[in-house]
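Worksheet: the structure to be examined is printed underneath.
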Number of protein chains: 2
Amino acid sequence: MDLDERKKKILRAIVQDFIMTAEPVGSRTIARKYNFGVSPATIRNEMADLEEMGYLEQPHTSSGRIPSNQGYRYYVDHLMEPASLDEAEKQLIRVSYRDKVKEISEVIRNTGKLLAQLTNYAALVVTPHIDRNIVRFIQLIPLHKGQAIVLVVMEPGAVYHKIMDLPENITACDLETISKVFNAKIQGHQMSEIKLTLIREIYLELLRYKYLVQSIMELIDESSDAKEEKIYLGGVFNMLNQPEFHNIERVKTLLSLLEQEALLRELLETGEDDKGVTVRIGKELKHADMQDCSVVSARYQLYGDPLGTIAVLGPTRMQYDKVVSVVEYLTNNLSRILDELYGPRSGK
Amino acid sequence: MDLDERKKKILRAIVQDFIMTAEPVGSRTIARKYNFGVSPATIRNEMADLEEMGYLEQPHTSSGRIPSNQGYRYYVDHLMEPASLDEAEKQLIRVSYRDKVKEISEVIRNTGKLLAQLTNYAALVVTPHIDRNIVRFIQLIPLHKGQAIVLVVMEPGAVYHKIMDLPENITACDLETISKVFNAKIQGHQMSEIKLTLIREIYLELLRYKYLVQSIMELIDESSDAKEEKIYLGGVFNMLNQPEFHNIERVKTLLSLLEQEALLRELLETGEDDKGVTVRIGKELKHADMQDCSVVSARYQLYGDPLGTIAVLGPTRMQYDKVVSVVEYLTNNLSRILDELYGPRSGK
DNA sequence: GGTTAGCACTCGTCAGGGGAGAGTGCTAAT
DNA sequence: ATTAGCACTCTCCCCTGACGAGTGCTAACC
């Protein structure tokens, strides 16, 4: 399992070269470009060894080698040095968070954009499952005769609103009452609890407004649905620049996969809830149509609790060093920003 | 300029066949498939005439003909019969609007989705320029110590919110006051006016809260920016199914074009503000990289006033009969729904 | 024993050539 | 005016052969 120093160097050179050029790498190239002090023949012998050990593959006899899944894995685990972000990139990140508003959806979207932009691959960001979320605040605002806005604020700073119709005989004062009852009952509780027990109590207190209560609960439900769907997915077009996606059929199957919410969630489940950055390569992703893709993901946190995941999806021939650095940096950055925004106030 | 009956029939057959198959159409095919009572040779003569008159083109000597821009134009103007929607499609439309909420952005997005889904091309929907919009309502809602939500409701039913920080010494009561002043001054005025004169008055009345006023104005500004950007663009992937977009380079140039807001707006400017459906074909779009595309667009209205535009973008080889019908149907449908939602209440 | 030069071999790519097929235009007959 | 026949054109596809990149093996070298 362990490789001697020269084999490591050669494997690293092959992986890096293949990542750059997307062409199978030959012994001559390696010997020349990375000037080892040895001849191509020697490299060839080493490459044959590496292939036998499972780190390299040959698309056909007599073409160069390309890294196998195992080769990439070894590279990621032992060989690569994270390529830390340069000052311009850090600057870009700072600037793009600076003027952002306080709402979590904005922050998420912004992070996704940055992720795609900095890596040139596809970016995914998810917020956590709503059931663990807490309702912070509910308010009914009279709008016009016959209409009102329901405003729901969730704990990590998400705001939802909806316009609803009112029965004829409701006054602004009634709305105020309803808001109060709702807040008293709901505030600070998790979504899952609300659905089970609280709703009955509220019904009792607000029998008069049966219809309204129903509507409000609907919005809350919708918020959770909406939120579940809120996977940011961006930078898919970046994939078109990768030579492995130069035929339309491949692109179409990938796109249709990415349209499936469920699959995206699956992609992001790191299994273990590791801290730190997780890299899954090719077959490790299980899904048959993704064998030529890799995912680099990490969880971001709010005051130490894992809140959601950010991830980059690209071809297995991915710039791991760069991507891992970016994901790591953005995760930390995101956690820090969320702490600043919501941490101190969000109780406990 | 006028064509005799047989030429019309032949032109129609060629256009329809080419739209179906994407292959140049030969005289034999026409004679056989569309059983005219005449031989291919006759058709050939007619086709030669049509080519001379500018309705057809030959990719190279001795291949079939394809319609020219002018050919499509004649087809759209004189030959095609609109393919009215079948019951299943109407049903789909009804269902997808039924449970939709009252907010305009939802309605827009829904319409865009439907448009893409029904036509299998790319769909665009724009809302009108914000400057003509009217602020209906503003409210500050205290959220926590130190934070508040600003809620802005625009006239055609769009709602925006933003969380903002408060100075230490502001009370819920202060917020109420500010809301009142804002509403008194702003309600019912157009955005453009607000920016010029009202802001000064408000400043005077609310000197104490200078910082807050600024933040609120910012949100309003942002709303307008956000709204300007709010061009719904969907179904772009449908394009990948069209043979004319089977090479990646073409797709990439198209995508990069569609990323440019300005260009999209230009695409949707119908020049004349016609009622009804406008079709622009190939070169009529002006833009060099869109010579092989067509746009079918129409304005939707709120109580008779044009409010925004919906459009379908596809290859020149587009199913015009179908698309025109869908655009027409959805425009009317959309106008009707908007009237129901906002019409009766929206002043006047 | 590790390293290297040399050499035969394999395989993919690319340009060139030829045949098949589709479609045309023209001419002459109907 | 219509049609059949025919020569012509052009694309597409397949086959071929040359080329180049890269390999594996063997024998020589340090």
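No value in this document is a laboratory result; all are computed from the given coordinates. Every value quoted in this text rests on a predicted model; they were computed, and no experiment measured them. Reconstructed Cβ throughout: ideal geometry from the backbone, glycine too, with neighbour counts over all protein chains shown.
Numerical summary
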| quantity | calculated |
| --- | --- |
| For residues of A:159-167, the mean tally of beta carbons on other chains within 10 Å | 4 |
| FRET efficiency, 1/(1 + (r/R0)^6) with R0 22 Å, evaluated for A:Glu269 and A:Gln70 via beta carbons | 0.45 |
| Rounded FRET efficiency, nearest 0.05, which uses the C-beta distance separating B:Ser256 from B:Glu106 and R0 of 22 Å | 0.15 |
| Other-copy label distances relative to B:Gly146, 7 angstrom Cα-Cβ extension, nm | 4.4 |
| Karplus (6.51, -1.76, 1.60) ³J(HN,Hα), θ = phi - 60°, over the stretch B:244-249, in Hz, Gly and Pro reported as x | 5, 10, 7, 9, 4, 4 |
| B:Lys162 long-range amide H proximity, modeled H, under 5 Å | B:Val150 |
| Residue exposure sequence - A:Ile108, A:Ile310 - by fewest surrounding Cβ within 10 Å | A:Ile108, A:Ile310 |
| Other-copy label distances relative to B:Glu266, 7 angstrom Cα-Cβ extension, nm | 4.4 |
| Summed residue charge, Cβ within 11 Å of A:Arg6's Cβ, Lys/Arg positive, Asp/Glu negative | 0 |
| Whole-number percent relative contact order across the stretch A:5-79, with pairs defined as alpha carbons under 8 Å at least 6 apart | 35 |
| Alpha-carbon centroid distance for the pair the stretch A:52-103 / the stretch B:25-87, whole angstrom | 54 |
| Extension gain (nm, one decimal) between A:Ser39 and A:Asn241, 0.36 nm per residue minus Cα-Cα | 69.3 nm |
| Label-to-label distance, nm, for residues given as A:Lys113 and A:Gln91 (7 Å Cα→Cβ offset) | 1.9 |
| Label spacing, shortest first and in nm, from A:Gln187 to its equivalents in the remaining copies (7 angstrom along Cα→Cβ) | 2.8 |
| Environment charge at A:Arg44 (Cβ cut-off 12 Å; Lys +1, Arg +1, Asp -1, Glu -1) | -1 |
| Burial ranking of peptide ranges A:90-99, B:236-245, B:312-321 (average Cβ count within 10 Å, highest at the top) | B:312-321, B:236-245, A:90-99 |
| Across A:Lys162/A:Lys252; A:Lys113/B:Lys113; B:Lys7/B:Lys90; B:Lys8/B:Lys113, pairs whose alpha-carbon gap is larger than 31 Å | A:Lys162/A:Lys252; B:Lys7/B:Lys90; B:Lys8/B:Lys113 |
| The stretch B:281-297 - phi-based ³J(HN,Hα) in whole Hz, Karplus 6.51/-1.76/1.60, Gly and Pro as x | 10, x, 4, 4, 7, 6, 5, 4, 7, 10, 4, 9, 10, 10, 10, 10, 9 |
| Calculated from backbone phi, Karplus (6.51, -1.76, 1.60) coupling profile of the stretch A:326-341 in Hz, x at Gly/Pro | 4, 4, 4, 4, 5, 4, 4, 4, 4, 4, 5, 5, 4, 4, 4, 6 |
| Pairwise FRET efficiency - B:Gln214 versus B:Glu168, Cβ, R0 = 30 Å, nearest 0.05 | 0.95 |
